[in-house]
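Data first, discussion second: the structure below is written as structure tokens.
The values are calculated or read from the model by the stated rules, or taken from the named source; none is laboratory data. What you see is a predicted model; the values in this text were computed from it and never measured. We place every Cβ from the backbone using ideal geometry, glycine too, and count neighbours over all the protein chains shown. Side chains included, ligands, DNA and RNA excluded: accessible areas come from the protein's heavy atoms. Shrake-Rupley method; radii C 1.70, N 1.55, O 1.52, S 1.80 Å.
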Amino acid sequence: MSEEKQDLIEYRISRSKETYEEALLLAKNGYWNAVGNRLYYACFYIVNALLIKNDLNFSSHNGVRKEFHKSFVKTGLVSIDSGKTYNRLFNLRQEGDYIDFQRFTEEDINPFIEDVRIVLVEIESILMDLPK
């Protein structure tokens, strides 16, 4: 693998972790729409790292989601639970970002915090196991 590609993968993993930490900070202050957005992006960045590692690149969020499920969830490389979490957050982000008057509550978003942590750990572990 090229050094440039490895750097990009490491950057995406780092962004994923940083974005997850942003979500935790926002949660402490009750900004639930922003927490949902940050949780989605934490997953999006790590899923992108996985796709890049496997020479898969997509320009749209929906393309990333579809390929993630096709190449990793349906094949059993990533758990069904992680796939479901990513799908739910994809839809939640769409609602929170694009539907007027959508206000999420702590009860809507808080359960995703642990789910996303699990997704990040699972996918990072897969990334570390794949050959460079």
Would you check if there is a residue in region 110-118 being in a helix (DSSP H, G or I), open to solvent by 70 Å² or more (accessible area, probe 1.4 Å), β-branched (Val, Ile, Thr) and out of contact with any Leu (no Cβ under 7 Å at 6 or more places or on another chain)? yes
Check region 35-56 and report whether any residue there is open to solvent by less than 30 Å² (accessible area, probe 1.4 Å), over 22 Å from Asn91 (Cα atoms) and in contact (Cβ under 8 Å) with a residue 24 or more places away in the chain. yes
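Which residues, taken from region 82-122, are closer than 16 Å to Leu50 by Cβ and in contact with a helix residue (DSSP H, G or I) (Cβ under 9 Å, 6 or more places away or on another chain)?
Restricting attention to region 82-122, the residues satisfying the condition of being closer than 16 Å to Leu50 by Cβ are 82-83, 85-87, 89-90, 116, 118-122.
Once the filter is applied, which keeps residues that are closer than 16 Å to Leu50 by Cβ and in contact with a helix residue (DSSP H, G or I) (Cβ under 9 Å, 6 or more places away or on another chain), region 82-122 yields Ser82, Gly83, Thr85, Tyr86, Asn87, Leu89, Phe90, Val116, Ile118, Val119, Leu120, Glu122.
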Restricted to region 65-101, and to residues that are over 13 Å from the mean Cα position of the chain (by Cα) and open to solvent by less than 50 Å² (accessible area, probe 1.4 Å), which residue is nearest to Val116 (Cα to Cα)? Ser79
Among the residues of region 72-82, is any over 17 Å from Glu122 (Cβ atoms) and among the charged types (D, E, K, R)? no
